[in-house]
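Below is one structure; the comments refer to it alone.
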Amino acid sequence: MNSGDAGALARYQAARRAILAIIIVLAFTMLVFGGSLHDELMHEYIETLGLALVMVGIGGRLWATLYIGGRKSAVVVSTGPYSITRNPLYLFSSIAAAGVGAQTGSYVVTCLCLVLSAAFFHIVARREERFLSTTLGDEYFSYLRRVPRFLPNPLIYRDDAEVTFKTERVRATFVDGLVFLAAIAVLEAIEVAQEAGTVPILFWLF
C-alpha cells in the first residue's frame, strides 16, 4: 500500500471515529438537559437493553478486527463477519452507539442514535468502496455483488479454519470500545445529578 492509499484509508478511519464522537456527544447532551417520561422500571429496562447493545457492539467490533485488522486496502477479506456484511465494524459501531443512546432511558434517543450513526456510516462506506474498488480490482467488485453493504445476511456466512491477526489492532479496537463504556458511566453520573436536583431537567424524552 503506497502513502496515498494509507492516507486515504486513514481519513476514512478518522471519519468513523468522528461519527462515533458526534453520536456520544448527542446522547450526552440529550441526557444533560432531558429526563425520561418512563417510570423507573421501564427506564431501567431501557438502560439494561442499552448496556447489552454496547457489549454486543464492542464484541462485534473485536470480532471484525480479528479478520480485517490492518489489511483493509491490501486484500479482499470475505470470511467471518465480512462474509455476511461488507462493513461489520460500522454495523457494530452503530449498535454500540444505540446502546449509549439508551442510557437516556428514551426509546426515541436510542433509535435516533442508531439511525444517525447508520446513515453517517453508510456515507463513509460508499466513499470507502469507491477507493477500494480502484485498489483491489475485480475481486472486490465480485465481493460487492455477493455481500450486502450493511444489513447482514447470515445465510451466506462462511469462515476460515484459522485466522491470523495483529495484536496491536485488536488492542486498539478494545481501547476504542472502552469509550462506549466510559460514556455510560458519565451518563449515569449525570442522571444521579438530575435526581439530586443539581442538574435541572429542561425537557422530557419518551
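Brief remarks follow.
- 3J(HN,Hα) along the stretch 64-69: 5, 5, 4, 8, 9, x Hz, from the Karplus curve 6.51 cos²θ - 1.76 cosθ + 1.60 with θ = phi - 60°, whole Hz, x for Gly and Pro.
- Net charge of neighbours whose Cβ lies under 14 Å from the Cβ of Val32, counting Lys and Arg as +1 and Asp and Glu as -1: -3
- Computed about the Cα centre, the dipole magnitude for the stretch 56-158 is approximately 120 debye when only Lys and Arg (+1) and Asp and Glu (-1) carry charge, each at its Cβ.
- Cα-based shape type of the stretch 167-206, given that a ≥ b ≥ c are square roots of the gyration tensor eigenvalues and the cut on a/c is 1.5: prolate
- Among Phe206, Ala189, Val163 the positive-end extreme of the charge dipole of the stretch 150-206 (Cβ point charges): Val163
- Rounded to the nearest 20 debye, the dipole size of the chain about its Cα centre is 1060 debye, using +1 on the Cβ of Lys and Arg and -1 on the Cβ of Asp and Glu.
- Gyration tensor (alpha-carbon) shape descriptor, the stretch 98-206, a/c threshold 1.5: prolate
- Full extension of the chain between Asp39 and Phe206 yields a length gain of 59.1 nm, computed as 0.36 nm times the residue separation minus the alpha carbon distance.
- Gained length - Val170 relative to Leu155, 0.36 nm times residue gap less alpha-carbon distance: 2.7 nm
- The chain - mean residue ellipticity at 222 nm from DSSP helices (-39,500 (n - 2.57) per run, n ≥ 4, rounded to 500): -24500 deg cm²/dmol
- One entry in (1) 7, 29, 31, 19, 11, 3, 0; (2) 7, 26, 32, 25, 8, 1, 0; (3) 9, 33, 31, 17, 9, 2, 0 is P(r) over Cα pairs in 10 Å bins from 0, in percent calculated from the shown coordinates; its label is (3).
- Note that the stretch 180-188 has calculated 3J(HN,Hα) couplings of 4, 5, 5, 4, 4, 4, 5, 5, 5 Hz, one per residue in order, obtained from phi through the Karplus relation 6.51 cos²θ - 1.76 cosθ + 1.60 (θ = phi - 60°); glycine and proline are x.
Laboratory data are not the source of any read-out in this text; all were calculated from the coordinates shown. Keep in mind that what you see is a predicted model, and the values were worked out from it rather than measured. Backbone-built Cβ (ideal geometry, glycine too); neighbour counts: all protein chains shown.
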